[in-house]
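The values are calculated or read from the model by the stated rules, or taken from the named source; none is laboratory data. Only a predicted model underlies this, so the values are computations on that prediction, with no experimental measurement involved. Positions of Cβ are generated from backbone atoms using ideal geometry, with glycine treated the same way; all protein chains shown enter the neighbour counts.
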Amino acid sequence: MAQAKVKADVPIEALLKEKRKFPPSKAFVKSAVMNRKTIYAEAQRNYVKFWEQRARELHWFKPWKKALEWRPPYAKWFVGGKLNVSYNCLDRHVEGPRKTRAALIWEGEPGDSRVLTYWDLYREVNRFAAALKRHGVRKGDRVTIYMPMVPELPIAMLACTRIGAAHSVIFGGFSPEAVRERIHDAESTLVITADGGYRRGGTVPLKKNTDEALRGAPGVKTVIVLKRTGEPVEMQSGRDIWWDDFVKDAGARCPAEPMDSEDLLYLLYTSGSTGKPKGIIHTTGGYLTGVTATHKWIFDLHDDDVYWCTADIGWVTGHSYIVYGPLANGATTVMYEGTPDYPDKDRFWRIVEKYGVTICYTAPTAIRTFMKWGEEYPKRCDLSSLRLLGSVGEPINPEAWVWYWKVIGGGRCPVVDTWWQTETGHILITPLPGLTTLKPGSATLPFPGVDAEVLDEKGNPAKSGYLVLRKPWPGMLRGIWGDPDRFVKQYWSKYDNIYFTGDGAKRDEDGYFWLLGRVDDVMNVSGHRVSTMEVESALVDHKSVAEAAVIGKMHDIKGQAIAAFVTVKSGVDGSPQLMDELKGHVAKKIGALARPDDIIFSAELPKTRSGKIMRRLLRDIAEGRALGDTTTLADPAVVASLKSKYEEQEA
Ligand code: WTA
């Protein structure tokens with residue numbers, strides 16, 4: 001993995017040709033939450049002090065003794081401090097004027113809607129937390145949550161944090177096998193799910209998937225099932241219980257457990273460069289400090305804002321910027337259950353209009369989809385409430401950036417392109433909209449107090465190379481659940497005491513960062529991380545497959561699409577039926593997000609003399625480029641024949 005070179009084919013020159021710059025308007029600067037030019041220098045002088053100031057904006061039961069203990073690769077923030085995340089997101093708001101403010105504005109895909117004030121949310125969370133506690137869930141236990149995008153999802157998360165249990169939220173698009181693997185790894189004994197959720201006019205059978213997942217997970221003793229779609233489900237007696245029955249007669253109040261700053265807050269599984277997903281560990285005080293401060297400054301959060309992040313809570317973006325950041329800041333956060341094209345392709349803009357959304361945070365893949373659908377959909381709606389736009393998940397091409405700015409933002413809203421990862425917990429490279437001159441396609445500069453750099457292979461600062469982080473930051477991952485060796489190997493072994501992100505980047509003459517995508521074997525498909533190895537193991541798990549090599553090829557909408565080169569076992573016919581079967585097999589093993597777009601059957605795969613598959617050449621083939629250096633191949637004929645076969649198939 002560490003050998004991989006920054007992809008030479010990314011057209012940075014094309015990116016840098018977009019010379020337009022967008023300085024913040026005077027009016028915006030004037031009322032911006034953060035408009036102090038000196039803030040970067042201040043934070044640089046003493047980054048620990050800088051983060052301490054941010055942490056002081058939270059409620060602590062007990063102050064910390066030491067702000068940072070840094071024994072690479074392990075950092076401890078706010079050592080000795082005690083706090084509770086749910087207390088910070090709820091209690092301190094209901095004690096003040098925010099009590100009746102809308103905390104959560106939720107819209108279901110069928111068009112149903114709920115608004116929960118801070119008081120409503122407080123009540124619901126207390127009750128569910130009391131019920132969990134009564135059921136015997138304890139501090140430190142891991143609770144798996146596999147739910148649709150409904151208010152009970154953040155309620156369940158906040159209830160866990162209230163009693164000190166850690167949640168492991170699994171995206172509703174994952175397959176039963178993927179769910180099983182994650183339950184098993186986290187050793188959860190309790191799962192929270194729903195009968196189903198609505199998606200693109202249909203339903204997702206979450207309970208059925210859970211049943212299937214649990215067939216191999218005898219450790220799970222309790223399944224709490226929320227009724228959402230009302231479709232019939234099987235309830236296993238002694239194990240399954242309806243949400244409403246579970247909370248019935250539970251206490252109305254459940255005190256928030258004072259947690260140590262470094263106590264486990266949650267696990268979130270993400271793909272790495274091996275087949276096995278990693279449970280990223282986040283802890284309490286540093287994480288909450290990081291998400292709260294970044295959310296407030298980057299989205300320029302004011303009291304009258306209606307903030308909407310379109311991500312799914314199953315991903316880190318939803319954890320940090322639908323739930324924890326916004327609620328800790330006492331904001332109004334919008335949550336939508338379904339897809340952007342149901343019942344029509346204007347759904348997002350209808351939501352903006354209906355709730356008067358002022359800040360919208362979405363992904364480049366969505367923006368490119370909207371571009372393809374055409375301007376008529378946003379034009380149907382009144383988007384004049386919007387005042388700030390955000391982007392996350394993958395590099396945003398300047399064309400999409402400018403379209404977003406012009407068509408959605410009406411040319412008046414700054415666009416903040418925010419770079420970060422599941423591992424980083426919160427945004428690290430980003431504009432501050434009241435300070436930063438924007439350049440379309442660039443995530444601009446590190447957040448104050450963040451020490452990002454681009455290094456070459458030898459570890460020297462370079463114009464182009466690997467993106468690294470040289471100093472610890474409060475929301476950083478504290479490890480990989482159950483696998484400390486992998487933690488060290490993955491992030492801390494390329495350079496001494498420096499965090500390696502796995503991303504390539506360039507810097508321009510102003511020091512701005514331009515992200516170039518992953519340099520390891522992780523694909524980014526519609527903003528979702530999928531490991532090539534994970535898809536390969538799903539493929540070779542099929543009885544007809546002998547060998548498989550998977551790559552991400554450039555795709556106009558998705559960023560990357562999955563292409564799989566497959567060698568079938570002898571006697572098997574590489575037929576179109578088998579192609580479909582294999583695509584379905586991968587979707588079944590991992591989830592629909594990992595379904596390959598292309599399957600190319602090949603008698604052999606291009607390998608080096610030492611047997612390593614040369615993915616770079618496969619990418620050249622799939623993207624229709626002239627083949628790069630083939631001199632290290634064991635048999636150059638393999639790749640030539642594969643190329644002509646691929647071209648034939650595409651034609
Ligand atoms: C990519 C999502 C360019 C990057 C928050 C990173 C980005 C991976 C950006 C993390 C951005 C995220 N510009 N690339 N603004 N944001 N990425 O863990 O490759 O799902 O390493 O976290 O997404 O994906 P993850």
- Query: What tally of residues in region 346-374 results from selecting those that are out of contact with any Lys or Arg (no Cβ under 6 Å at 6 or more places or on another chain), within 28 Å of Asp304 (Cα to Cα) and either modelled with pLDDT under 95 or of a type in the set (D, E, K, R) (or both)?
  - Reply: 4
- Item | Of all residues making up region 338-351, the number that are surrounded by fewer than 24 Cβ atoms within 10 Å (Cβ to Cβ) and within 19 Å of Val115 (Cα to Cα) | 5
- Quick one: is Glu534 farther than 18 Å from Ala363 by Cβ, of a type outside the set (S, T, N, Q) and free of Cβ contacts under 8 Å to residues at least 60 places away in the same chain? no
- Query: Could you list, in sequence order, the residues of region 480-505 that are crowded, with 19+ Cβ neighbours inside 10 Å and among the small types (Gly, Ala, Ser)?
  - Reply: Gly502, Gly504, Ala505
- Message: For region 358-396, which positions are within 16 Å of the ligand (Cβ to nearest atom), over 18 Å from the mean Cα position of the chain (by Cα) and more than 17 Å from Leu515 (Cβ to Cβ)?
- Response: Leu388
- Task: Only residues that are part of a helix (DSSP H, G or I) and under 16 Å from Gln421 (Cβ atoms): list them for region 310-323, please.
- Result: Val316, Thr317, Gly318, His319, Ser320, Tyr321
- Message: So, in region 244-294, exactly how many residues are in a helix (DSSP H, G or I) and in contact (Cβ under 8 Å) with a residue 40 or more places away in the chain?
- Response: 12
- Requiring at least 1 residues that are closer than 30 Å to Thr210 by Cα, the helices (runs of 4 or more DSSP H) wholly within region 522-631 are 532-540, 576-589
- Would you be able to say whether some residue in region 428-438 is closer than 24 Å to Val525 by Cα and surrounded by fewer than 23 Cβ atoms within 10 Å (Cβ to Cβ)? no
- Message: When you check Val540 against the structure, is it modelled with pLDDT under 95, buried (at least 19 other Cβ atoms within 10 Å of the Cβ) and β-branched (Val, Ile, Thr), yes or no?
- Response: no
- Query: So which residues in region 399-436 are within 12 Å of the ligand (Cβ to nearest atom) and not β-branched (Val, Ile, Thr)?
  - Reply: Ala400, Trp401, Asp417, Trp419, Trp420, Gln421, Glu423, Gly425, His426, Leu428, Pro431
